[in-house]
Amino acid sequence: MTSFQWQSLVPILPEITMAVGAMALLMVGVFRGDKSAQLLNILSIGLLLTVLGLILGITPFTLTTLNNALITDSFSQFGKAVIAVGLMAALLLSHRDLREGVMGRFEFPVLVLLSGIGMMLMVSANNFLSLYVALELQSFPLYVLAALRRDNAQSAEAGVKYFILGALSSGFLLFGISLLYGFAGTLDFSLLAGTLMQNGAVPGAVIGMVFVLTGLAFKISAVPFHMWTPDVYQGAPTIVTSLFAIVPKIAAILLFLRLLNGPFAPLTPDWIQIIIFLSIASMIWGALAGLVQQNIKRLLAYSSIGNMGYALLGVLAASPEGTASVLLYMTIYMIMTAGTFAIILSVTRHGEGVESLHGFAGLSKTSPAKAYALAALMFSMSGIPPLAGFFGKLFVFQSLLESGFYIVAVIGVVTSVVAAYYYLKIIKIMFFDEQQESFDDAPSSQARYFVAALSLAFVLFFIVNPNVLMATTRIAAQSLFG
Amino acid sequence: MLATLAFYVFSAVLIFSAAMVIVVRNPVHSVLFLILAFFNAAGLFILLGAEFIGMILVIVYVGAVAVLFLFVVMMLDISFADLRKGAVQFIPLGLFIGGVLLFQFYVLFQSWQIAPSAMLNITTPSLSGEEELTNATQLGRILYTDYVFAFQVSGLILLVAMIGAIVLTHRQRAGVLRQKVAEQVARKPSDVLEIKKVETGSGVE
């Protein structure tokens, strides 16, 4: 038995820092009470900045640590950096609501941090046991956050619904893992890949993989496992919805990439059918069901379902190019979503956030800056050329065509045109519809304008120098294929 | 011989009590049958040589979970008869889906293969020749070494569960009268008493 080496903890230094920091902040909160919620929020953002520095500071050699439980490589480094940025954006968006009232709970930033640790560990998971515990660590705080507004029946419903369906999906995942273990006798990704390679597509292993993918599809809300998304997005407090929309799906999509190109690579012909179905169903349902929504949060839920469909298209290619396109797509989508929520949160009437789609009528007259910013983000989401959203879709479709999935690509383009209708409808309502009631005059929080401005700058100026981000995603994708 | 007999007794009672859990009308009886089922499952584990899991099953499930169930059943006023009324119409559908699933798993089990290299893949705990270790020792050896990561993250999950339970249930209510000893002791007569000189023949205003 070898003695303990401190070096074995270096690869997960960011997560350890975050865990220790979250617990220290929890202690501060316990002694200072809910009044310190905003202070904790600022400290959490500081902590995340430190963690981001650590993530970028560690040289991305491919390393496994803690008895092969975790792997760190360029892929996980990229994922963790994006997750840290997303968490910072989500915390900045929530800063104002933490001041007082029902949402003024000091636990909010702590729970966000703990969930963030789970997401980062998911990206680093190297066997099914660490995958499962990381996934649960990521989900549990989100269940609590969804139900945070206890005085609101919808919020409680969202929490319960999310919890029960999340538990069900964990059940699927565990059942699949147990079948895989029963076949291969190991939970380790690389050993499993080797065993599957030797034995081919054995029914037991394939069914195990199907259950694992089902469990994960719940997490990224791909059709037909999307039922919870609209209700949870609508019921949860808007700052929590923005968190749901911005970060957790990145971790889940990256997990998809790692699993499908790692342990399940020998089963590629089998999982391709599943991913094609999930992706086409998500794109079609996300586009069609979004058309009739009257609530902006519900609409964004369907938009996120559709966007997961596009991200899965890039997974289909099963190549470094496809993986890089997914990483790029998810990064751009995250930044656009953060900006969109920053503006939605800053439009209020009688102190309450506007949620009805028609409530945005006349925004262009009272606050043109917000209206133009939201319009630019919506154009980007629908994929209008010079904006960032277009490039996300472009590279996904490109990698898809290179791999020869022509029909799927055509369906993707058609549904993206259909989905453009509801993005453009928001713009039409803001600019051309008659205003019913006036909006609040008081300016919203500086932090939200900051996030909106950054997001807008990214969307508008991505075209100027796209190569930096693209090169980074390519390096990250390469490390997965080693 | 005795072990075989014990196996059949435990299994028979386990299946019987599991069935009773969902059949009996009185929810308290159903929880009691659940406890009986847990005890028998623990017996089966001990027969398998997994005495640690057997004991944990009794301690955790009987000691904590089942007692919690009993509390909930007795504290909440749920009419189980009413709940059942709605469920009856779904029984055929449930039986159909259950039957299909059972058939599918039967087919899967029939064609089940174990990879030839599975035995090599299984990581055996480092026993170093001592075969007669108890379950608890063996688990302890790998839990804090090979599986320390999963162990630590489980700890974080429990922390989240604790925070979550407090966030969702604890609230500060305004207008509740509490005893504040320090303030009560520090109270001076001048804070609360007003001494007035009352003139003869006139009242206090």
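The values are calculated or read from the model by the stated rules, or taken from the named source; none is laboratory data. What you see is a predicted model; the values in this text were computed from it and never measured. Every residue, glycine as well, gets a Cβ built from its backbone with ideal geometry; the counts of neighbours run over all protein chains shown. SASA here: full protein model, heavy atoms, side chains in, ligands and nucleic acids out. Shrake-Rupley method; radii C 1.70, N 1.55, O 1.52, S 1.80 Å.
Restricting A:193, A:153 to those that are away from every other protein chain (no Cβ under 11 Å), farther than 23 Å from residue A:251 by Cα and of a type in the set (Gly, Ala, Ser) reduces the list to A:153.
Is it true that some residue in the range A:216-239 is among the β-branched types (Val, Ile, Thr), assigned to a loop (DSSP other than H, G, I, E, B) and either more than 26 Å from residue A:337 (Cβ to Cβ) or open to solvent by 10 Å² or more (accessible area, probe 1.4 Å) (or both)? Yes - at least one qualifying residue is present in the range A:216-239. Within the range B:154-167, is there a residue that is more than 30 Å from residue A:101 (Cα to Cα) and outside the structural domain of residue B:52 (by TED's automatic domain parsing)? Yes, some residue in the range B:154-167 is more than 30 Å from residue A:101 (Cα to Cα) and outside the structural domain of residue B:52 (by TED's automatic domain parsing).
Mind listing whichever residues of the range A:55-70 are more than 19 Å from residue A:22 (Cβ to Cβ) and crowded, with 24+ Cβ neighbours inside 10 Å?
A:69 - this is the single residue of the range A:55-70 that is more than 19 Å from residue A:22 (Cβ to Cβ) and crowded, with 24+ Cβ neighbours inside 10 Å.
Residue selection: residue B:8 fails the criterion of being of a type in the set (Ser, Thr, Tyr) and closer than 28 Å to residue B:141 by Cα.
Total residues in the range B:141-171 satisfying the condition of being assigned to a helix (DSSP H, G or I) and at pLDDT below 85: the figure is 2. Given (1) outside any helix (DSSP H, G or I); (2) among the hydrophobic types (A, V, I, L, M, F, W, C); (3) under 10 Å from residue A:222 (Cα atoms), identify the lone condition not met by residue A:318. The number of the failed condition is (3).
Taking (1) within 11 Å of chain B (Cβ to nearest Cβ); (2) surrounded by 19 or more Cβ atoms within 10 Å (Cβ to Cβ); (3) in contact (Cβ under 8 Å) with a residue 60 or more places away in the chain in turn, residue A:120 satisfies each apart from (1).
Of the residues in the range A:200-217, how many are within 16 Å of residue A:262 (Cα to Cα) and at the interface with chain B (Cβ under 9 Å from one of its Cβ atoms)? Number satisfying all stated conditions: 1. Annotation: of all residues in the range B:91-113 being open to solvent by 90 Å² or more (accessible area, probe 1.4 Å) and within 15 Å of residue A:179 (Cα to Cα), the one that is farthest from the other protein chains (Cβ to nearest Cβ) is B:106. Taking the condition in a helix (DSSP H, G or I) and within 11 Å of another protein chain (Cβ to nearest Cβ), does residue A:46 pass? It is false that residue A:46 is in a helix (DSSP H, G or I) and within 11 Å of another protein chain (Cβ to nearest Cβ). Scanning the range A:7-26 for residues that are free of Cβ contacts under 8 Å to residues at least 24 places away in the same chain and within 14 Å of chain B (Cβ to nearest Cβ) yields A:16, A:20, A:23, A:24.
Looking at A:142, A:135, A:113, just one residue is buried (at least 22 other Cβ atoms within 10 Å of the Cβ) and in contact with a Pro (Cβ under 7 Å, 6 or more places away or on another chain), and that residue is A:142. Being of a type in the set (Val, Ile, Thr), at the interface with chain A (Cβ under 7 Å from one of its Cβ atoms) and open to solvent by less than 70 Å² (accessible area, probe 1.4 Å) is a description that does not apply to residue B:142. The listed residues are A:180, A:174, A:192, A:168, and the only one of them that is open to solvent by 40 Å² or more (accessible area, probe 1.4 Å), within 28 Å of residue A:63 (Cα to Cα) and part of a helix (DSSP H, G or I) turns out to be A:174. One residue alone among A:101, A:29, A:86, A:79 is in contact (Cβ under 8 Å) with a residue 60 or more places away in the chain and either within 14 Å of another protein chain (Cβ to nearest Cβ) or hydroxyl-bearing (Ser, Thr, Tyr) (or both), and that residue is A:29.
The listed residues are A:66, A:92, A:131, and the only one of them that is touching a strand residue (DSSP E or B) at 6+ places or on another chain (Cβ under 8 Å) and more than 23 Å from residue B:168 (Cβ to Cβ) turns out to be A:131.
Among the residues of the range B:114-129, is there at least one that is within 7 Å of chain A (Cβ to nearest Cβ), open to solvent by 40 Å² or more (accessible area, probe 1.4 Å) and modelled with pLDDT of 80 or more? Yes; the residues of the range B:114-129 include at least one that is within 7 Å of chain A (Cβ to nearest Cβ), open to solvent by 40 Å² or more (accessible area, probe 1.4 Å) and modelled with pLDDT of 80 or more.
Determine if the range A:327-344 includes at least one residue that is touching a Lys or Arg at 6+ places or on another chain (Cβ under 7 Å) and open to solvent by 10 Å² or more (accessible area, probe 1.4 Å). There is no residue in the range A:327-344 that is touching a Lys or Arg at 6+ places or on another chain (Cβ under 7 Å) and open to solvent by 10 Å² or more (accessible area, probe 1.4 Å).
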